[in-house]
Amino acid sequence: MRVSPSLRSVAAVLLGVLLPFAVPQGGVAAQDTASPPAVRTITNIADASWDHDGERRRTRSNPVRFDVSMNPASPPSIRVFRRAPGDGVELAYRPPSCGAQPDPVQRTSSLADETFAPVNETASIATANVVPATQLRGGEPLFFEIDAQAANRDPAAIDSLTVELATTDGDRETLTIFETAPDSGVFAGRIDTGRIPPALVTGDCVLSAGNGSQITLAAMVPGTETVLVEAELEVLVDPFGVVFDSETGEPVDGVRVTLINTTTGAPATVFAEDGVTPWPSSVVSGEAITDGDGRVVPMGPGRFWFPLTAKGTYRLEVVPPEPYSAPSVAAPAALAGLTRPDGLPFAINDGSFGRAFVLDNPEPFEADIPLDRPSLALDLIKTASRASAAPGDVVFYTLTVRNADPARIKR
């Protein structure tokens, strides 16, 4: 069949036909005369006519529609949160995927205070009470919400976004997070953090950081390695306490340390770093600690740890093994020359001597505990330069001090 020249010209002018036939459609929101709608829908329909075998023929294409935003999209932003059980606001998020692993990171996390509800066959929603944060304790989960309208590629689907998290200590983890709802452009997720020590492991779905470390959270432009938006926050690590010999500075194992609530006189209620998992209120220095989820946390020589507890006034009750005694009678100035196993000075304060101390802010509280151990007395020997002397003779005396307990350094 031969096509007349007028039909062949249709393809050439079709692009010119589209815009004249574009018909603005009202947006999904109600309009008023005072302000234009935020989104307008444009519909394109191509109309072609031609002569064939002496007949005038005509056809119309299918409609093609697209939305045009009348207002520019807001710039991408990141909000960072920390857990606040029973307080704060509720954050909803879909379980993210970690690295190349298909399983969500939450399957290895403590979510005792978070609830899940099925959304569809492939996704679920988790919720947690959170508060905005610029600092985070090492070991507690990090929550975040990213407003990235440019990543909202399919209004009918739940889009994903790649997030890279890194610490100044060298750890790096990659997450895939998801929109909180179709066409929202809002993405949310979480990741567990871990304290150093122990040594970090890159790619283990736990972001490890030491005290004073910085966390960088970067959302990537979909399909590229270009950073869309990023944020930073500081990490505070609640330090281990150390029980030590007040004379030598050596760590002492086997000391039972109990955190006492001075208001009730009973052992305090203590939680792990996540603020939810129960933690023993009484531990033994140098021995591994098992939390309420069965996780075993190793302790170094002389170390003890109470991660989190409520605001209030507390004291440390110390029961040392023989022959040590507590509280120490050593003056803080006499302990100033001693150092911890990590080379830092011991933290000496009221808590070190069994006195009450106040916890009233998120800053980590640090107290090391000196113990006294009885030791053999020093030998003091005095000798004269001569056995006998006449008037006018000079006699020299020598004093010799000897440590009768060479295994212990005298200071």
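Assorted remarks:
- Residue within the stretch 388-396 that is at pLDDT below 85 and surrounded by 11 or more Cβ atoms within 10 Å (Cβ to Cβ) present: no
- Selection status of ILE369, in contact with a strand residue (DSSP E or B) (Cβ under 6 Å, 6 or more places away or on another chain) and modelled with pLDDT of 90 or more: yes
- Lone unmet requirement of (1) farther than 24 Å from ARG82 by Cβ; (2) assigned to a loop (DSSP other than H, G, I, E, B); (3) of a type outside the set (D, E, K, R) for LEU200: (1)
- Checking each residue in the stretch 197-215 for being closer than 15 Å to PRO141 by Cα and of a type in the set (Ser, Thr, Tyr) picks out only SER208.
Condition check ((1) within 28 Å of the chain's Cα centre (by Cα); (2) in the same structural domain as VAL131 (by TED's automatic domain parsing); (3) crowded, with 19+ Cβ neighbours inside 10 Å) across all residues:
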{"position": "GLU247", "(1), (2), (3)": "no, no, yes"}
{"position": "TRP279", "(1), (2), (3)": "yes, no, yes"}
{"position": "ASP293", "(1), (2), (3)": "yes, no, no"}
{"position": "LEU316", "(1), (2), (3)": "yes, no, yes"}
{"position": "GLU322", "(1), (2), (3)": "no, no, no"}
{"position": "ALA336", "(1), (2), (3)": "no, no, no"}
{"position": "GLY351", "(1), (2), (3)": "yes, no, yes"}
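- Test: residue in the stretch 297-311 that is over 31 Å from the mean Cα position of the chain (by Cα), exposed (fewer than 13 other Cβ atoms within 10 Å of the Cβ) and not β-branched (Val, Ile, Thr): no
- Within the stretch 223-237, the set of residues being over 16 Å from the mean Cα position of the chain (by Cα), part of a strand (DSSP E or B) and either without any contact (Cβ under 8 Å) to a residue 40 or more places away in the chain or not assigned by TED's automatic domain parsing to the domain that holds ASN211 (or both) comprises VAL227 only.
- All positions within the stretch 377-387 that are touching a Phe, Trp or Tyr at 6+ places or on another chain (Cβ under 8 Å) and either surrounded by 11 or more Cβ atoms within 10 Å (Cβ to Cβ) or in the same structural domain as GLY249 (by TED's automatic domain parsing) (or both): ALA384, SER385
- THR262 touching a Ser or Thr at 6+ places or on another chain (Cβ under 8 Å) and at pLDDT 95 or above: yes
- Against the test of being more than 30 Å from GLU234 (Cβ to Cβ), out of contact with any Gly (no Cβ under 8 Å at 6 or more places or on another chain) and either assigned by TED's automatic domain parsing to the domain that holds GLY300 or in contact (Cβ under 8 Å) with a residue 12 or more places away in the chain (or both), the options PRO345, PRO327, PRO374, PRO362 yield a single qualifying residue, PRO374.
- Close pairs from the stretch 133-154: first at positive phi, partner at pLDDT below 90 and not polar (S, T, N, Q), Cβ under 6 Å, at least 6 apart: GLY139/ARG195; GLY139/GLU273
- When the stretch 171-204 is limited to residues that are aliphatic (A, V, I, L, M) and surrounded by 13 or more Cβ atoms within 10 Å (Cβ to Cβ), the one that is modelled with the lowest pLDDT turns out to be ILE196.
The values are calculated or read from the model by the stated rules, or taken from the named source; none is laboratory data. The model shown is predicted, which means the values in this text are computed figures rather than measured ones. Every residue, glycine among them, receives a Cβ derived from its backbone with ideal geometry; neighbour counts consider all protein chains shown.
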